[in-house]
Structures are given as C-alpha cells and as structure tokens.
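Asks: My questions all concern the structure below.
The values are calculated or read from the model by the stated rules, or taken from the named source; none is laboratory data. Keep in mind that this is a model prediction, so the values were computed, not measured. So basically every Cβ, Gly included, is an ideal-geometry build from the backbone, and we count neighbours across all protein chains shown. The accessibility values were calculated without ligands, DNA or RNA, using every heavy atom of the protein model including side chains. Shrake-Rupley method; radii C 1.70, N 1.55, O 1.52, S 1.80 Å.
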Amino acid sequence: MRNFPRLLLLSLFGAFLLTSCQEDEKPIDNSDQIVGYWKKSINSGENMILTQYFTFFDNGTYNSSSVYFNAETDEPLGYAGRSSGEFTLLDDQLSIMHNLIYGVPQDSDEIYVPNNQLVLTNNEFTEEMKLQEVKVEFSEDKMIWIYPPCGPLENCIGSQEFERYTPIQF
C-alpha cells in the first residue's frame, strides 16, 4: 500500500508523456479557398484609383498586377507593376513566393507605365523580400490579409481586404 502513491504518480507522469509525444497535427491545405480572382482598389489621390489584382490557380501558382485608373472615367492609365510565382495556404497562413517581379523603370519619373514598358526588377529584392507571409481570413466573397505587427518606426500595412470578382470575358 505504501507504493500506491508512487505508482499512481508514475502512471500519471507516464500518461502525460505518452499524450504529449503524439505527432503534431499536420496543417490543412486550404488552397481551394483562395483559387480564383481577387482585387483591391484604393483611392491614390490625384483623381486616380490603384487596383491590385491577384489570380490564384489550382496548381499553386499566381499572377498579380497593379493598375492605375482614372477615378472619373474608370479608364486604365497604366501599370505600377506585376508579378508571378507560387503560393501555399496551410491552415490560415498564406505564403507567396514572388518569382518574377516587374515594375516601373527606376529612371522614370512616372508612377505607372504601359504594361509593355514594365521592367524585370527581381535583382532589387532579396530572397527574404520575395517571400510574403500573412494570416488570411475569409468572409463570403472577401479575403483579408493580416500582416504581423512591426516596430514603432516601421511603415506597417496592418491588413488588406480583397474582394472576389469575375473577370470580363471577350
């Protein structure tokens, strides 16, 4: 009877070890939630609207473009950039690897140019800068990217909200 408390304690400790050593749960691939067309528009001042488009494909790749529009006529003015690469969405964590990044030429005074005048700018970005990781929440036809907090002197984004859309077919 004197060994009973020891045996009880030992068996409880053993049960704790067995339950805590179980294999961690594997993240769930939620890529099907993001596949499709998404856009976000912001008023960029000077009578312009900047719209960012993302197309996520079911093979784990994406294309994006940032286009300026005239706010009054909705006429496209030009491109600020575009990119393509790969993505994963595991649980609620979106990882985007920007493989090709095109932007306005550095010697240009403009903030947008025609699509065919964008130049490859990959060498201006480190590998760390090419990888974008955000938490994602979905609500009806909305997708919200939640960025991690940053330091007091950094320019933080916070969050971005995209809406699902159907592209015009010609």
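Asks: Look through segment 100-113, keep the residues that are closer than 30 Å to N47 by Cβ and aliphatic (A, V, I, L, M), and return whichever of them is surrounded by the most Cβ atoms within 10 Å (Cβ to Cβ).
Replies: Ranking the qualifying residues of segment 100-113, first place goes to I101.
Asks: Any residue in segment 149-168 that's within 25 Å of F56 (Cα to Cα) and at pLDDT 80 or above: show its pairings with residues that are in a strand (DSSP E or B) and open to solvent by 80 Å² or more (accessible area, probe 1.4 Å) at Cβ separation under 7 Å, as long as the two are six or more apart or on different chains.
Replies: So the pair list comes out as R164/Y37; Y165/Y37; T166/Y37; P167/Y37.
Asks: Here's something else I'd like to know. For segment 58-86, give me the residue count where each residue is open to solvent by 50 Å² or more (accessible area, probe 1.4 Å), farther than 30 Å from P148 by Cα and either touching a Lys or Arg at 6+ places or on another chain (Cβ under 7 Å) or not hydrophobic (A, V, I, L, M, F, W, C) (or both). Explain how you work it out, then say what you get.
Replies: First, pick out the residues of segment 58-86 that are open to solvent by 50 Å² or more (accessible area, probe 1.4 Å): 58-59, 63, 72-77, 79, 82, 86.
Those still in the list that are farther than 30 Å from P148 by Cα too: 72-77.
Now drop any that are not either touching a Lys or Arg at 6+ places or on another chain (Cβ under 7 Å) or not hydrophobic (A, V, I, L, M, F, W, C) (or both), which leaves 72-76.
Here the count works out to 5.
Asks: Whether any residue in segment 124-140 is more than 17 Å from the chain's Cα centre (by Cα), surrounded by 12 or more Cβ atoms within 10 Å (Cβ to Cβ) and modelled with pLDDT of 90 or more is what I want to check.
Replies: Checking segment 124-140: not a single residue is more than 17 Å from the chain's Cα centre (by Cα), surrounded by 12 or more Cβ atoms within 10 Å (Cβ to Cβ) and modelled with pLDDT of 90 or more.
Asks: Output yes when any residue across segment 87-99 is surrounded by 12 or more Cβ atoms within 10 Å (Cβ to Cβ), over 21 Å from I144 (Cβ atoms) and more than 15 Å from the chain's Cα centre (by Cα), and no when none is.
Replies: no
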